[in-house]
Amino acid sequence: MSDKTDSNSTKNIIKKSDIILIAAILIVAILLFIIYRANQKTGLSVNIYTSGELVETLSLDKDREYEVDTEYGYNKVIIEDGSAYVVSADCPDKICVSHSPISKTGETIICLPHKLVVEVK
């Protein structure tokens, strides 16, 4: 008889109210994400920081290359068609190189080994 009680208690772990609560949280999260993305504007410039210090501000209107060569390593930032991206780096993981181009305010590309941050303003 205790076997039936155990199987009934495991079936009642997730109740209907739990599913409704999870669905409501997901809907609110999706709506907040949509509102956030709708409020993002196309950036005008890119700030490049190394070790937390601003080293260059580049306009997104003009296509160009910018090379960052510090004691931590080398990165090449490309501004093209209103977007910025890192095309090459000598860091071991190259996460910054595989990052998609950024163009909206607040977006960033970060290279932790080189202490580099590229941020759209």
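The values are calculated or read from the model by the stated rules, or taken from the named source; none is laboratory data. Just so you know, these numbers come straight off a predicted model, no measurement behind them. Note: ideal-geometry Cβ built from the backbone for every residue, glycine included; neighbour counts use all protein chains shown.
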**Asked** Restricting attention to segment 108-121, which residues are touching a helix residue (DSSP H, G or I) at 6+ places or on another chain (Cβ under 9 Å), surrounded by fewer than 18 Cβ atoms within 10 Å (Cβ to Cβ) and assigned to a strand (DSSP E or B)?
**Response** Ile110
**Message:** I'm trying to understand the selection: among the residues of segment 57-71, which are surrounded by 13 or more Cβ atoms within 10 Å (Cβ to Cβ) and under 25 Å from Pro113 (Cα atoms)?
**Reply:** Leu58, Tyr66, Val68, Thr70
**Complete:** Scanning segment 22-79 residue by residue, those polar (S, T, N, Q) and out of contact with any Cys (no Cβ under 7 Å at 6 or more places or on another chain) turn out to be Asn39, Gln40, Thr42, Ser45, Asn47, Thr50, Ser51, Thr57, Ser59, Thr70
**Request:** Being under 18 Å from Gly106 (Cα atoms) and among the hydroxyl-bearing types (Ser, Thr, Tyr) is the filter here, so list the residues in segment 42-87 that pass it.
**Result:** Thr42, Ser45, Tyr49, Thr50, Thr57, Ser59, Ser83, Tyr85
**Request:** With the checklist (1) surrounded by 14 or more Cβ atoms within 10 Å (Cβ to Cβ); (2) modelled with pLDDT of 95 or more in hand, flag the one item Thr105 doesn't pass.
**Result:** (2)
**Item:** Pairs with Cβ under 6 Å, 6+ apart, first in segment 35-57 and modelled with pLDDT under 90, second basic (Lys, Arg)
**Value:** Gln40/Lys104
**Request:** Starting from segment 87-100, take each residue that is at pLDDT 95 or above and list its partners that are aromatic (Phe, Trp, Tyr), counting only C-beta distances under 6 angstrom and pairs at least six apart or across chains.
**Result:** Asp90/Tyr74
**Request:** Report the residue count in segment 80-105 for those that are over 21 Å from Asp61 (Cα atoms) and hydroxyl-bearing (Ser, Thr, Tyr).
**Result:** 2
